[in-house]
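For reference, the structure discussed in these notes is given below.
What follows is calculated from the coordinates using simple rules that are stated; it is not laboratory data. Just so it is clear, the structure is predicted and the values come from calculations on it, not from any experiment. Every residue, glycine as well, gets a Cβ built from its backbone with ideal geometry; the counts of neighbours run over all protein chains shown.
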């Protein structure tokens, strides 16, 4: 089954150095990019756009988990 990343979904960046590998919530999706809140190396909270294909979908906004 193919899943699409949408606003409100929980995701994790494929690069474990981004947000220390922690999950984050998608704030918005536009043109193949997802706006996500994350922490940088100085532990400052930021919002950045990431390519959707660089994200792992963890759970949908309706609370359902993916069958991995």
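Give me Rg over Rh for the chain, both radii from the alpha carbons and Rh done the Kirkwood way, two decimal places.
Rg divided by Rh gives 0.95.
If packing is taken as the average number of other Cβ atoms within 10 Å across a peptide's residues, how do 9-15, 54-60, 36-42 rank, most packed first?
9-15, 54-60, 36-42
I need to check one value: relative contact order of the chain, counting alpha carbon pairs closer than 8 Å and at least 6 residues apart, in percent.
Computed over the chain, the figure is 33 percent.
By how many nm would the segment from residue 44 to residue 3 lengthen if fully extended, with 0.36 nm per residue of separation less the alpha-carbon distance?
In short, 11.7 nm is gained.
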